[in-house]
Amino acid sequence: IIDPGIATSSTFAWLNANDKSPLSYMHLNKMGMESWRRHVLLKDLPVWCGSIVRKKCQQDGEIDVEKLLTTEKNKSHYSRIGPLTAEEASRLEPGVAFKSPTTQATDDATSTENQNEELYFYPEEGHVNPVSAVKSLRQAANANGVKFVGGIQPHELMRDNINGKVNGVKIKLQGSENLEVMSADIVVISAGANSSEPILGIGSDRLPLLYQPGALAYVQNPSSGIDVDKRLKRIVVDTISQSHILRRRDGTLVIGGGQLVVGGSEDLALDRQSSDSLMSNGTELDDKLVGETMIDSVASNIAPLELLVEAKINGDAVRISRANRPMPSDGLPVVGAIESGLYVTVSHSAMTLGLVLGELSAHEISRIIRGHDEPNDENLYGFKILDSYRPHRFWRRHSQ
């Protein structure tokens, strides 16, 4: 298995279908959440604590997809409680200083701004430690005979001399200049933001990906000395200040700043804004400054906890991770055969979607190998729910 990316270990890992569009993509994410609840190996890893989200009010004329899904008729699709008052939100999460949309501010501008905000609680949502999840899956895979080979460099795809079908990969092992051959019935490219690298046989013309750098700050084991009732219990996302925070099982606070990208068509316009949050005058900010900026934002807008102030002062309690997040150019997953013998899976929201896409892909790949399905330009194979996410959609658009 070739894994040249680091995005998985650097993800916020919010398991949700929150505000994702189009509707079919939201439903796919709901399936992903359900897969986490049922998975025999991983079902005990997620923390289903619910999320409190602060957002701007829906503007006149806009369609509120979430509201449609949470009416009495459709409430089984996705649960949303609210809008909440600040007092109601504080009962759900005592560690956060929520601002009430109805509270009169000292100046008219702030008062108007507050009145354009709403708080909602999404009780079905949760989070998971991505490293623990991957470790559990790898251990199980090893027990089933899967061999993981690290430190390799793909050199080129191998093809059948007669029909051109992809039938393996030539690789270089770390420290060696010699090429080795890995023959295969089918080659699967699942390399995150690196999936469109030409050396992997696809290229950006057939798999266009956005540049989506992101960073997280981690405040290690901050629970000691904090009133147990004031510890963070929920995921808190402030889409207005662009800050978000959660607490993992070991007590570590995970803090994000800048636009929280959830995937789907609504995120595309925010691509540049997300990248700029890590830059100053075109130069990448250093880890210390990025961490301080994110902690400042969370402390002032979400959780004014003493531990955040102490962490910034001490510095040694803070760790920063960065990664280029995999994001196809239309914001939606890419899953399926890209040519004979070559299959690709790449997606944002991959922690939410990883299990369900993995199981669907595994079934499709198995059927292709056994000759039950032969992918074609009409995408008439495999699961219908994945038809909107086939890679052929990109070069079809260019040909029209």
Per the list (1) within 17 Å of the chain's Cα centre (by Cα); (2) within 12 Å of residue 126 (Cβ to Cβ), residue check on residue 37 breaks on (1)
So, first residue in a helix (DSSP H, G or I) in segment 129-142, second residue crowded, with 16+ Cβ neighbours inside 10 Å and modelled with pLDDT under 90, Cβ within less than 7 Å, six or more apart or across chains; the pairs are 130/8; 130/11; 134/8
What residue, among those in segment 215-250 that are at pLDDT below 85 and within 21 Å of the chain's Cα centre (by Cα), is farthest from residue 329 (Cα to Cα)? 219
The number of residues in segment 191-221 that are over 20 Å from residue 361 (Cα atoms) and either in a loop (DSSP other than H, G, I, E, B) or of a type in the set (D, E, K, R) (or both) is 10
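If you check residue 188 against the conditions, is it in a helix (DSSP H, G or I), open to solvent by 60 Å² or more (accessible area, probe 1.4 Å) and in contact (Cβ under 8 Å) with a residue 40 or more places away in the chain?
The answer is no for residue 188.
For segment 119-131, which residues satisfy the criterion of being at pLDDT 90 or above and closer than 15 Å to residue 47 by Cα?
Passing the criteria: 122, 123, 124, 125, 126, 127, 128, 129, 130.
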Looking at segment 156-172, is at least one residue within 30 Å of the chain's Cα centre (by Cα), buried (at least 17 other Cβ atoms within 10 Å of the Cβ), farther than 22 Å from residue 335 by Cα and among the β-branched types (Val, Ile, Thr)? yes
Quick check on this structure: which one of 51, 35 is out of contact with any helix residue (DSSP H, G or I) (no Cβ under 9 Å at 6 or more places or on another chain) and at pLDDT 90 or above? 51
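Quick check on segment 374-382. Is at least one of its residues among the hydrophobic types (A, V, I, L, M, F, W, C), at pLDDT below 95 and open to solvent by less than 70 Å² (accessible area, probe 1.4 Å)?
The answer is no; no qualifying residue exists.
Could you please find all residues in segment 340-368 being β-branched (Val, Ile, Thr) and part of a helix (DSSP H, G or I)?
Result: 352, 356, 365, 368.
I'm trying to understand the selection: among the residues of segment 173-185, which are more than 17 Å from residue 368 (Cβ to Cβ) and either open to solvent by 60 Å² or more (accessible area, probe 1.4 Å) or part of a strand (DSSP E or B) (or both)?
Filtering segment 173-185 down to residues more than 17 Å from residue 368 (Cβ to Cβ) leaves 173-182.
If the condition is that a residue be more than 17 Å from residue 368 (Cβ to Cβ) and either open to solvent by 60 Å² or more (accessible area, probe 1.4 Å) or part of a strand (DSSP E or B) (or both), then 173, 174, 175, 177, 178, 179, 180, 181, 182 are the ones that fit.
The values are calculated or read from the model by the stated rules, or taken from the named source; none is laboratory data. Note that the coordinates shown come from a computational prediction; the quantities given were computed from them, not determined experimentally. Counting neighbours? That spans all protein chains shown, and the Cβs are built from the backbone with ideal geometry, glycine included. Heavy atoms of the whole protein, side chains included, go into the accessibility calculation; ligands, DNA and RNA do not. Shrake-Rupley method; radii C 1.70, N 1.55, O 1.52, S 1.80 Å.
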